[in-house]
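The values are calculated or read from the model by the stated rules, or taken from the named source; none is laboratory data. All of these numbers come straight from a predicted model, not from anything done at the bench. As a convention, Cβ positions derive from the backbone with ideal geometry for all residues, glycine included, and neighbour counts pool all protein chains shown. These area figures cover heavy atoms from the full protein model, side chains too; ligands, DNA and RNA do not enter into them. Shrake-Rupley method; radii C 1.70, N 1.55, O 1.52, S 1.80 Å.
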Amino acid sequence: MQYWAIQTLNSLALGGLLFLLAAGFSLIFGLMRIANLTHGALFMLGAYIGVSVMRQWPNLWFAALAAGAAVAIFGGLLERFILRQIGGNVLGQVLVTLGVSFIIADACLLTWGGDPIPIPTPPLLQMPVRIGSFIFPAYRLAVVGIAVVVAIALYLLMERTRLGAMIRAGVDDPQMASAVGIPVSRLFSTVFCLGAALAGAGGVIGGPILSAYPGLDADMLPLALIVVILGGAGSLLGAFVGAFITGFVYTFGVALLPDLAYVILFLPMILVIAFRPRGLFGKFAA
Amino acid sequence: MATEALALDGVDALYGESHVLHGVSFSLAEGRVLALLGRNGAGKTTCMNTVIGFLRPRNGAVRVFGEPVQRLAPDVISRKGIGLVPQGRRVFARLTVKENLVVAHQKRGGAWTLERVFELFPRLKERQAQDAGSLSGGEQQMLAIARALMGNPRVLLLDEPSEGLAPLIVAEVGKTIARLKREGQSIVLVEQNIQLAFSLADEVVILNTGRVAFSGPLDQVRTNEALITQHLGVF
Ligand SMILES: Nc1ncnc2c1ncn2[C@@H]1O[C@H](COP(=O)(O)OP(=O)(O)OP(=O)(O)O)[C@@H](O)[C@H]1O
Ligand SMILES: [Mg+2]
């Protein structure tokens with residue numbers, strides 16, 4: 001029993017991390033129709049920046065904020081100076097973002113070396129938590145909590161503020177939105193930075209579970225894609241539900257049928273593509 | 001001399017290689033209503049697109065209270081005081097009625113607020129929490145007008161506000177425009193409904209295949225059947 005309870009919590013924790021990663025990916029794709037394939041690399045870059053920050057100031061939360069800010073700036077420059085120049089050219093954006101991912105991956109390898117670097121769990125969260133007869137690692141519970149808080153905050157931002165309504169107006173009809181005075185491209189840049197920040201901070205928050213290692217980007221990106229295809233691009237709720245489904249399928253797939261884990265992972269995605277191409281909650285066909 | 005609120009000056013506009021506006025010039029004085037008329041495809045909407053910045057003119061200038069705007073982006077032009085009620089309404093379907101209005105609010109020292117707009121269109125107030133996409137055509141038209149007013153425009157562009165509406169609703173829209181006119185709003189009114197246009201306009205500009213075929217005060221058109229038959233194909 002304890003084993004399955006732990007697997008469940010692991011699923012939830014992975015789901016939480018995937019949400020941090022996929023929320024930005026989904027928003028960016030839904031808003032700007034940019035499939036930003038640097039997202040996995042931004043997650044990894046965040047993790048490595050977190051490593052360096054924590055060498056100076058050993059506080060995970062501060063490191064997550066710092067990495068989020070740094071990756072947001074990087075994302076902003078990428079959007080402004082590269083992606084915007086090839087706006088509307090979908091294939092071009094896919095290729096460019098993939099190319100930039102390789103560059104980031106190589107730069108990380110050069111800077112931080114090829115060995116995995118563990119990121120320590122914050123001391124306060126190192127103790128196991130006892131719930132009923134089960135014992136859980138506290139940090140994983142905290143990760144789930146963070147994902148839920150971020151999800152609620154993003155929901156409130158998008159659905160309950162004027163800024164969020166302006167962004168949604170820009171999604172609905174970008175030209176008409178600009179005609180009522182909304183600076184659509186500036187707003188979209190902001191969203192791009194926000195998505196990058198979430199990925200970067202997610203990399204640090206995932207650190208105590210995943211650590212920072214070469215290939216983290218390539219491990220995370222397919223999971224983010226699955227989340228977005230499952231949940232539906234542009235939908236926060238979709239990213240949330242899709243992230244936890246993916247977290248469960250992956251964790252239990254690895255635990256039960258390790259040889260088929262990847263096949264099992266892609267199964268729900270194929271079903272969704274076959275029967276509901278917009279994803280569970282999406283607005284567009286992927 | 002009245003202040004010039006909006007002017008097109010020798011505007012050439014193209015969609016790709018297709019040349020749609022040929023040296024179009026006209027101007028609107030502050031506080032007046034200019035009716036921009038012409039058959040389907042004459043280039044009326046293209047004029048609106050050029051003013052708001054959806055389309056950059058190849059030659060010529062667009063001036064808003066004397067300031068050239070033809071190189072600016074739509075959001076900047078909007079902030080110079082141009083409000084557009086586009087053909088086909090284009091309300092933000094997945095936003096609520098209230099959100100449609102709130103996102104378009106610009107103060108600019110004007111009097112329009114959410115409360116005043118709801119006063120003008122009580123039906124919108126009743127439906128403020130509803131998605132705009134679920135409104136009827138007439139309600140969507142009112143929302144499109146209300147949304148433009150929320151920007152406190154110095155010049156209001158109305159592109160076929162009566163299109164596709166039942167006669168009763170057309171009359172209501174007409175009354176609203178008349179009220180805006182009384183309050184001193186400068187308006188460019190594009191219409192196929194000639195009666196409605198004539199009942200509101202001070203000046204008339206008639207476009208024919210992208211050229212200005214006539215430009216002058218209402219009196220000179222109203223009684224000129226030849227002009228109307230030739231360029232508008234009615235009567
Ligand atoms: N996006 C576009 N691309 C290419 N050609 C266009 C485009 N929009 C309009 N046109 C062409 O430009 C010409 C003028 O169109 P415009 O929409 O300005 O006419 P209009 O006077 O508004 O007509 P209507 O009364 O039917 O709305 C037409 O010949 C039309 O086919
Ligand atoms: Mg038109």
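Of note:
- Taken over segment A:156-167, the residue count meeting the criterion of being within 7 Å of chain B (Cβ to nearest Cβ) and crowded, with 20+ Cβ neighbours inside 10 Å is 2.
- Lone qualifier among A:Leu9, A:Leu37, A:Leu21, A:Leu14 - being assigned to a helix (DSSP H, G or I) and farther than 16 Å from A:Val241 by Cβ: A:Leu9
- For segment B:30-40, taking the residues that are open to solvent by 30 Å² or more (accessible area, probe 1.4 Å) and at pLDDT 95 or above, the one that is nearest to ligand 1 (Cβ to nearest atom) is identified as B:Arg32.
- Within segment B:23-61, being within 14 Å of another protein chain (Cβ to nearest Cβ) and either more than 23 Å from B:Leu200 (Cα to Cα) or in contact with a Ser or Thr (Cβ under 8 Å, 6 or more places away or on another chain) (or both) holds for B:Thr50, B:Ile52, B:Gly53, B:Phe54, B:Leu55, B:Arg56.
- Only one of the numbered conditions (1) in a strand (DSSP E or B); (2) open to solvent by less than 30 Å² (accessible area, probe 1.4 Å); (3) within 13 Å of ligand 1 (Cβ to nearest atom) is not met by B:His22, and that is (2).
- Filtering segment B:42-68 to residues that are near ligand 1 (Cβ under 10 Å from one of its atoms) and touching a residue at least 60 places away in the same chain (Cβ under 8 Å) leaves B:Ala42, B:Gly43, B:Lys44, B:Thr45, B:Thr46, B:Cys47, B:Met48.
- Listed conditions (1) within 16 Å of ligand 2 (Cβ to nearest atom); (2) exposed (fewer than 15 other Cβ atoms within 10 Å of the Cβ); (3) within 22 Å of B:Phe198 (Cα to Cα) are all met by B:Ala2, apart from (1).
- Of the criteria (1) under 15 Å from A:Gln175 (Cα atoms); (2) at the interface with chain A (Cβ under 8 Å from one of its Cβ atoms); (3) not aromatic (Phe, Trp, Tyr), which one B:Val102 fails: (1)
- Among the conditions (1) within 16 Å of ligand 2 (Cβ to nearest atom); (2) closer than 30 Å to A:Gly181 by Cβ; (3) of a type in the set (Ser, Thr, Tyr), the only one that B:Thr209 does not satisfy is (2).
- When residues in segment A:168-183 are screened for being buried (at least 22 other Cβ atoms within 10 Å of the Cβ), at the interface with chain B (Cβ under 8 Å from one of its Cβ atoms) and not β-branched (Val, Ile, Thr), 6 of them pass.
- Of the helices (runs of 4 or more DSSP H) lying entirely inside segment B:165-228, those containing at least 2 residues that are under 15 Å from the mean Cα position of the chain (by Cα) are B:167-182, B:194-200.
- Among the conditions (1) within 9 Å of chain B (Cβ to nearest Cβ); (2) open to solvent by 30 Å² or more (accessible area, probe 1.4 Å), A:Pro214 misses just one, which is (1).
- B:Leu21 falls short on exactly one of the conditions (1) touching a helix residue (DSSP H, G or I) at 6+ places or on another chain (Cβ under 9 Å); (2) closer than 23 Å to B:Ala178 by Cα, and that condition is (2).
- Selection over segment A:218-253 of residues that are open to solvent by 40 Å² or more (accessible area, probe 1.4 Å) and touching a Lys or Arg at 6+ places or on another chain (Cβ under 7 Å) gives a count of 0.
- Checklist (1) surrounded by 22 or more Cβ atoms within 10 Å (Cβ to Cβ); (2) more than 23 Å from B:Thr50 (Cβ to Cβ); (3) aliphatic (A, V, I, L, M) applied to B:Leu156, failing item: (2)
- Subset of segment A:60-98 [polar (S, T, N, Q) and open to solvent by 70 Å² or more (accessible area, probe 1.4 Å)]: A:Gln85, A:Asn89
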